[in-house]
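See structure below.
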Amino acid sequence: MKKHSCLTILVLLLLSNWIVSLAHAAEFKIEKTFTQTDGLASNTVLTIFEDSRGNMWFGTREGVTRYDGENFRTFTTEDGLAKNRIGLIFEDRRGMLWFADGVLSDVLERGKPMDMSWMDTPLSELDITPHNEPPEGVARHIPLKGVSRYDGEKFRIFTTADGLARDTVKDIFEDESGTLWFATGAGVSHYDGETFNTITMNGPMGRQILPDWWGRITAIAQDTAGNFWFGSEAGITYYNLKTSDFRYFGVNSDFTPFQEMGEVHTAHITDLQFDAKENLWMSQDDTDEEYVGIRQYNGKKLTSFPQSEALPMNSVNNIMQDSKGNLWFTGVKRLPPKMHETEDSVSMTFPETESGVSVYNGGTFQNFSIDDGLPSNRVWSVFEDSGGKLWFATDAGAAVGVHLFALNADNYSKTQK
C-alpha cells in the first residue's frame, strides 16, 4: 500500500509538471494569409499597421496596400510615395500616416551576390567619377527619398530640403507634446508640425567629433522619466531631455556592459523596446555563431542570450510587445560569407537561415515556424491589431492569427498561488 501511494504521488508530480509546462507554453493558430492574389502589392510584406479608422496597411517591396476589410488599394510613387519599398508605417495623434523605408534597406540585399571583381582592377581603370553625366537625350533618373506623409487624400514628401538631417528615415516616435522624432542616417530630427530641428550630438569623454556610425540612428525609445534612448550602428546613446546631456554606451560583448566608450566597434542596433518592467531590450544585426542578436539591460547589467531551438536567430531586426506583455522577435541566422570565383568574375554571398518568429513571455522563449502554420519562415515584423489578433509580415504574404494561452511569467506565477 505504501509503495502504491508513493507511485501515485510520483505520477501526480510528473503529471503536474507536464500540465504546468503545457500551460506555460503558448499555442499558435494562423487563421488566414493574404497574398498578392488577394490584392497585396507584393507577397514580400515588410510591415503591417492598423490605423485609427480600422484600416490595415501593408508595407511591401512594391508599394503600400490599404485594406478596409473588403477592398484592397495600393499606393506607389505614382501616387506620391517617396519610395515603393515601405518597411515603416506610423500614425501621429492627428491621424496623419507616415511611411518610410525603415531599417530594412541593407538586409533586403543580403541574398544577392556582391560583385567583387573590382578588387583585381587597377585603381586607375576604375570609374569613380562622382557625377557621371548621362548620354545626350537621356534623362537622369533621381530616385525619390525621404519620408512620406498621408493625410487621407494626398501624400507629401519631406526630405533634407525641408530640414530632415538625412533622407533615410529608420524610425519615428511621437512624444507627449506631439513632437515627432525621426531616426535618420545623420542624427535625430524632431518636427513640431512646422519646422524640423536636428539634435547635435557632442562626443563622449570630451570628444567633439564622433565616428560617422554614431550618427546613423536606427531606433528610438523613451523611458518613463521621459529620457530618450537612441540605437545606432555603434551602440546606444542616452539623451536627457531636460539637460540636453548625452551618454554613449557600447554594447558588444568584448566591452564592459554600458561603459561609456569614446570609440567602439560597430554594433548595428536595429530596434529598441522597453518592457513592462522597464528593462531595455535591444536587437542587433549580428553574425555571432553562439549568441542571438538580442540583449536586455535591467539598469544594472547587460544580458546576452545563447542560440537555441527557441532562439535560432543571431540577426534580429524587429521587436514587438503585445498587449499581454509578450515580446516578439523576428530575424534570421546569418552564416559566414562565401566567396565565388570564376575566370570572369568574383562575387560574394551572405547566406542566412530563415528563423521564423520567437516570443518571450517573461520567463521562457518559444519559436514558431511554417510547421505551426506560418506561410514562410522569413518573418519581417509582427503587429497586434485593436482586436488582439496578431499579424505576421512574411516573404509569402501577411498572416493573421491568434496566440493562445499566452501567459507571461508574472501572470503565470499568480495562477499557481
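Derivation of every value follows stated rules applied to the coordinates shown; laboratory data play no part. All values reported here derive from a predicted model rather than from experimental measurement. Cβ: placed from backbone, ideal geometry, glycine included. Neighbour counts: every protein chain shown.
Would you mind checking LYS29/LYS83; LYS29/LYS333; LYS242/LYS301; LYS301/LYS324; LYS29/LYS154 for any pair whose Cα atoms are more than 28 angstrom apart? Each step should come with its number before you reach the end.
Details: LYS29/LYS83 34 Å; LYS29/LYS333 24 Å; LYS242/LYS301 25 Å; LYS301/LYS324 25 Å; LYS29/LYS154 37 Å.
From the list (LYS29/LYS83; LYS29/LYS333; LYS242/LYS301; LYS301/LYS324; LYS29/LYS154), the Cα-Cα distance tops 28 Å for LYS29/LYS83; LYS29/LYS154.
I want the local charge near GLY185. Using Cβ-Cβ distances under 11 Å, sum +1 for each Lys or Arg and -1 for each Asp or Glu among the other residues. Intermediate values should be presented prior to the final figure.
Working: positive: LYS145, ARG166, LYS170, ARG216; negative: ASP101, ASP167, ASP212, GLU233.
Computed value for this residue: 0.
Please report ASP38, ASP101, ASP395 as a ranked list, fewest other C-beta atoms within 10 angstrom at the top and most at the bottom. Each step should come with its number before you reach the end.
Working: ASP38 13, ASP101 23, ASP395 17.
In increasing order of surrounding Cβ atoms, one gets ASP38, ASP395, ASP101.
If amide H atoms are built 1.01 Å from N in the plane of the peptide, which residues on other chains or at least 5 residues away come under 5 Å of the amide H of LYS170?
Amide H neighbours of LYS170: ALA183, THR184.
Is the shape of segment 355-407 best called rounded, prolate or oblate, per the rule: a/c under 1.5 gives rounded, else a/b larger than b/c gives prolate, else oblate, with a ≥ b ≥ c the square roots of the Cα gyration tensor eigenvalues?
Values: a/c = 1.89, a/b = 1.20, b/c = 1.57.
Oblate is the answer for segment 355-407, as a/c is 1.5 or above yet b/c matches or exceeds a/b.
Of LYS145/LYS338; LYS32/LYS277; LYS170/LYS389, which ones are farther than 28 Å apart at the Cα? Numbers along the way, then the final one.
Numbers: LYS145/LYS338 32 Å; LYS32/LYS277 33 Å; LYS170/LYS389 26 Å.
Among LYS145/LYS338; LYS32/LYS277; LYS170/LYS389, the Cα-Cα distance tops 28 Å for LYS145/LYS338; LYS32/LYS277.
Bin width 5 Å, alpha-carbon pairs only: give the P(r) of segment 273-417 as whole percents, running from 0 to the bin holding the largest distance.
The distribution over segment 273-417 is 2, 9, 17, 20, 19, 13, 8, 5, 3, 2, 1, 0, 0, 0, 0, given as percents.
Enumerate the calculated ³J(HN,Hα) couplings along segment 66-74 in order (Karplus 6.51 cos²θ - 1.76 cosθ + 1.60, θ = phi - 60°), each rounded to whole Hz, writing x wherever the residue is Gly or Pro.
9, 10, 9, x, 10, 10, 9, 9, 9
Sort ASP285, ASP92 so that the residue with the fewest other Cβ atoms within 10 Å of its own Cβ comes first and the one with the most comes last. Before the final figure, lay out each step's value.
On the way: ASP285 24, ASP92 16.
With the sparsest Cβ surroundings first, the list reads ASP92, ASP285.
Quick one: which residues, 5 or more positions from THR74 or on another chain, have an amide H under 5 Å from its amide H? H modelled 1.01 Å from N in the peptide plane, none for Pro or chain starts.
ARG66
Mean projection of the alpha-carbon convex hull of segment 297-381 over all orientations, in nm²? Present the calculation step by step, with values, prior to reporting the outcome.
Values: hull surface 32.0 nm².
Result: a mean projected hull area of 8.0 nm².
Amide H of ALA234 versus every other amide H placed in the peptide plane: which residues, excluding those fewer than 5 positions away on the same chain, fall under 5 Å?
When sequence neighbours closer than 5 places are left aside, the close amide H contacts are ALA267, HIS268, ILE269.
For each of ASP223, ASP275, count neighbouring Cβ atoms within 10 Å of the residue's Cβ, then give the residues from fewest to most.
Values: ASP223 13, ASP275 18.
Lowest to highest Cβ neighbour count: ASP223, ASP275.
Please turn the phi angles of segment 34-39 into ³J(HN,Hα) values with the Karplus equation 6.51 cos²θ - 1.76 cosθ + 1.60 (θ = phi - 60°), one per residue in order, whole Hz, x for glycine and proline.
Listing the rounded values in order: 9, 9, 4, 5, 7, x Hz.
Residue by residue through segment 370-378, which ³J(HN,Hα) values in whole Hz follow from phi under the Karplus form 6.51 cos²θ - 1.76 cosθ + 1.60 (θ = phi - 60°), with glycine and proline marked x?
Calculated HN-Hα couplings, in order: 4, 5, 9, x, 5, x, 8, 7, 8 Hz.
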